[in-house]
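One structure is given here, and the rest of the page talks about it.
The values are calculated or read from the model by the stated rules, or taken from the named source; none is laboratory data. Every value quoted in this text rests on a predicted model; they were computed, and no experiment measured them. Here the Cβ positions follow ideal geometry from the backbone for every residue, glycine too, while neighbour counts run over all protein chains shown. Only protein heavy atoms, including side chains, enter the accessible area calculation; ligands, DNA and RNA are left aside. Shrake-Rupley method; radii C 1.70, N 1.55, O 1.52, S 1.80 Å.
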Amino acid sequence: MVRLITHNLLSCHVKGCTRNNFPLRFQDVKVELREAEFNAEFLRNFVPRIEWKALVDAGKELGDTSLPEELPEMLGDEFLKKLHHVLLEIHVEEGAMVCPNCGHVYKIMSGIPNMLLTESEI
Amino acid sequence: MSRPELVAPPEIYYGDTEAKKYTSKCVLSTHSRKHSHPSSNFLPVPCQCSTRIQQIQSEMTYRALELLNLPEGEPKFLLDIGCGSGLSGEILDEEGHYWVGVDIAPSMLEVALEREVEGDLFLQDIGQGFGFRPGSFDGAISISVIQWLLNAETSHPSSSPPARLTRFFTSLYAALRNPSRAVLQFYPSSDDQIHLITSIAQRAGFGGGIVVDYPNSKKARKVFLCLFVGSGKMNDSVPRGLDGDGEEEV
Ligand SMILES: [Zn+2]
């Protein structure tokens with residue numbers, strides 16, 4: 001159940017991998033859509049935390065093109081509903097996330113990404 | 001009973017049998033060797049040991065949420081460190097929060113999946129640190145987990161307890177918003193352990209300290225590490241622990 005809300009906050013944590021380590025690229029993903037309860041207040045509070053371009057690109061990678069390239073100034077309900085869908089209703093069930101810098105592959109199985117590192121990566 | 005963190009690393013200790021204790025319905029046969037059930041002649045019955053574990057866990061989760069001191073009624077984005085089978089996560093769901101849970105035991109995460117909790121789950125060793133971007137979370141809770149960081153996993157220097165604690169607290173501090181709190185309930189086995197943990201947390205930038213509930217009750221005593229990021233609007237003093245023996249609370 002990797003949702004884009006979490007993917008948008010996740011960078012690579014391999015030792016020494018500190019630049020260009022965000023966002024992780026999706027690979028060979030299987031996606032499921034699951035409805036979630038809409039909460040405009042939560043979304044409004046969360047927006048400042050989002051790396052917008054990374055979210056738009058990740059949405060596209062998963063086949064959703066509903067978000068505008070630029071974050072609108074007015075956060076109306078129509079926009080928030082699209083944001084809600086992209087952040088919270090698209091679940092990556094299988095596949096992997098790959099670091100754009102060091103190439104570390106974080107495998108996703110049954111919706112759970114494996115974030116474990118080897119001793120040399122700590 | 002020996003302390004679980006001395007028996008085996010968590011991903012092994014919390015194998016399938018142990019994980020079953022954290023599900024809502026317990027299959028007695030899977031661990032009847034370890035526990036005697038007075039009523040086990042009359043199967044099926046709810047497993048006493050598992051419901052007791054769950055009750056204690058959920059009480060501690062509510063207490064941790066109270067110590068987080070979040071504004072009333074606002075949905076927040078929280079990190080559940082060592083989320084296990086999702087018992088605490090279910091409570092976070094009920095309270096209207098959004099959350100991410102990390103745990104090192106795959107069999108516990110499988111149970112969390114079966115429960116259909118709302119949060120995202122990660123297979124992660126917290127001693128290796130987090131990769132979350134700065135300011136990702138409005139708060140963090142952890143129930144009965146960080147004592148595991150006090151055991152060296154291998155002889156490699158990167159897996160010494162101070163190295164693991166440092167990576168954990170430094171990356172946790174970065175992942176939290178300013179201001180916010182992290183409330184970590186744990187089972188220290190000595191004052192030295194408390195001192196080691198709090199001093200490394202302070203070096204990572206945290207304020208705050210230890211809260212002890214029911215300090216005079218052998219049974220109900222609970223230790224919470226209550227950590228602050230920034231001070232801002234928050235009261236900088238460490239909250240008071242609860243008095244009494246914990247029995248009056250239902
Ligand atoms: Zn990397």
Confirm whether residue A:89 is open to solvent by 80 Å² or more (accessible area, probe 1.4 Å) and away from the ligand (no atom under 16 Å from the Cβ).
no
Given the conditions (1) touching a helix residue (DSSP H, G or I) at 6+ places or on another chain (Cβ under 9 Å); (2) more than 10 Å from chain A (Cβ to nearest Cβ), every one holds for residue B:118 apart from (2)
Look through A:14, A:31 and report the one residue that is at pLDDT 95 or above, within 16 Å of the ligand (Cβ to nearest atom), surrounded by 14 or more Cβ atoms within 10 Å (Cβ to Cβ) and among the β-branched types (Val, Ile, Thr).
A:14
Can you pull out the residues in segment B:162-187 that are open to solvent by 30 Å² or more (accessible area, probe 1.4 Å) and closer than 24 Å to residue B:56 by Cβ?
B:187
Could you please find all residues in segment A:99-118 being open to solvent by 10 Å² or more (accessible area, probe 1.4 Å) and either within 16 Å of the ligand (Cβ to nearest atom) or under 15 Å from the mean Cα position of the chain (by Cα) (or both)?
A:100, A:101, A:102, A:103, A:104, A:105, A:107, A:112, A:114, A:116, A:117, A:118
Any residue at all in segment A:48-62 that is under 15 Å from the mean Cα position of the chain (by Cα), within 23 Å of residue B:103 (Cα to Cα) and within 16 Å of the ligand (Cβ to nearest atom)?
no
Being at the interface with another protein chain (Cβ under 10 Å from one of its Cβ atoms) and either among the hydrophobic types (A, V, I, L, M, F, W, C) or open to solvent by 30 Å² or more (accessible area, probe 1.4 Å) (or both) is the filter here, so list the residues in segment B:100-111 that pass it.
B:100, B:102, B:104, B:106, B:109, B:110
Out of curiosity, is residue B:109 outside any strand (DSSP E or B) and either closer than 19 Å to residue B:5 by Cβ or of a type in the set (A, V, I, L, M, F, W, C) (or both)?
yes
Inter-residue pairs, beta-carbon under 9 Å, first without any contact (Cβ under 8 Å) to a residue 12 or more places away in the chain and at negative phi and in segment A:1-27, second near the ligand (Cβ under 9 Å from one of its atoms) and among the hydrophobic types (A, V, I, L, M, F, W, C), 6+ apart
A:18/A:12
Out of (1) open to solvent by less than 50 Å² (accessible area, probe 1.4 Å); (2) over 27 Å from residue B:113 (Cα atoms); (3) away from every other protein chain (no Cβ under 12 Å), what's the single condition that is false for residue A:53?
(1)
